[in-house]
Amino acid sequence: MAGKIPQIQLRVVVAGSIGSSDARRSFTVLERLMTLLGQIEAGEIGSSDSTWGIETLSLGSVALTLTPNRLSENASADLMAELAKWTIEGFSETEEHETLPRRWTPAAVEAGLQLSKCLGMLESDGMTLELLADGQPHQRVVVTRRSADNLRKALQRKRASIGSLIGKLDSITLHNALKAGLWTEVRGRRVEVQFTRDQQDAVHASLGKRVEISGVVTRDIHDRAVSIKMKKIDQLPEQEAPLREIVGADPDLTGGLGAAKHLRRMYDAS
C-alpha cells in the first residue's frame, strides 16, 4: 500500500559464546542502551516515556530485536525510527573520532559513555546495533570500548579565547599556584582565576566584591567557562535589588500598578 510506514526495529547483539556470556555485563549494557535511547528522545520532545518491546531473544551471544511499543504523548513512529538511527550514527562517529554526536544531549553522551565502558576493545567483544526496516538491515555499527575513550577525550577538550567574566571573587589560594575563585553571575558557576604576584594586591582588594575579570578564558566542550588567566580586574558597583524584589518585600508598594506606571507616578509627584 502506498505511504505505508515501514516497521522499524533495532537489533542488538552483545557478543559472547554459548554458556559463557556474562549475564551481569549483558544486562548492564542493555539497560544503558535503553537509557541512551530515552535521553536522546528527551532531548527531542522533552520526555522519555516511550517503551521498546522485545520481539525476539536468543542466547549465546545475547541477541534481541527491539520494537517501539507504547509511545510518549509527543512521540511518533518516525521519531522512534530516528532515535535508532541517531544512536547508530552517533556510535559510528565515536568509534572513529574524539567527538560528541550532534543529536546526543549531555545526558545522552554520559549514557553512551557508561554503556561503552562495559565493552571490550575488539569487535568480537563489543555490541552490534542494526537498524531494521520491515526486517531488512539498513544501518549497522559495532560498538567497542573505543567509543568510551573517544567520548571521554571529547568531553575533556577545552578551548581558549580572549574575554571577560563578571561575578563575586572568593577563596584566594597562594600555595604553589596563585588562584582565586569567581562565582559568575550568568550561570552561577565557580571559575578558577589564575593571577600573578604583581596582581596579588588587586585580587586581595577585590575579595568578596563584584568584579569584572578580563583575560584568556578557557571553556569546556559545552562552552562553559572553566578558568581565566587574568590580565585585568575591575571592581563593579553592587547590583541594586530589582523592583520585583522590592514589591515582594512590600506587595502594596506599587498600589497595584505595573513597574513603569509606578515609576511614572512617582516622577509626576516629585
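As a proxy for reagent exposure, ranking D125, D223 by other Cβ atoms within 10 Å from fewest up yields D223, D125.
Between I233, L174, V193, the Cα set farthest toward the positive side of the dipole of the stretch 159-235 (charges on each charged residue's Cβ, about the Cα centre) is that of V193.
By the count of other C-beta atoms within 10 Å, a proxy for reagent exposure, R11, R152 are ordered fewest to most as R152, R11. Where a ≥ b ≥ c are the square roots of the eigenvalues of the C-alpha gyration tensor, would you call the stretch 8-156 rounded, which needs a/c under 1.5, or, failing that, prolate if a/b is larger than b/c, or oblate? Verdict is oblate for the stretch 8-156. The 3J(HN,Hα) values that the Karplus relation (6.51, -1.76, 1.60; θ = phi - 60°) gives for the stretch 172-185 are, in residue order, 7, 10, 10, 8, 6, 10, 8, 9, 9, x, 10, 8, 6, 6 Hz. Gly and Pro appear as x.
Amide hydrogen proximity for Q139: with H placed 1.01 Å from N in the peptide plane, the residues at 5 or more positions away or on another chain lying under 5 Å are L131.
Pulled fully out, how much extra length does the chain show between V226 and S47, if you take 0.36 nm times their separation in residues and subtract their Cα-Cα distance?
61.4 nm
Going by neighbour counts of Cβ atoms within 10 Å, the residues F27, F195 line up, fewest first, as F27, F195. Legend: residue pairs K179/K231; K168/K229; K179/K229; K153/K229; K179/K232; K117/K153, Cα-Cα distance threshold 18 Å; pairs beyond threshold, K153/K229.
What FRET efficiency comes out for the pair L71/E98, r = Cβ-Cβ distance, R0 = 25 Å, nearest 0.05?
With R0 = 25 Å, the Cβ-Cβ based efficiency is 0.15.
Using R0 = 45 Å, the C-beta based FRET efficiency linking I54 and H175 works out to 0.20.
Read the figures in this text as sums done on the coordinates, not as results from a lab. What you see is a predicted model; the values in this text were computed from it and never measured. In this analysis, Cβ positions are derived from the backbone assuming ideal geometry, glycine residues included, and neighbour counts consider all displayed protein chains.
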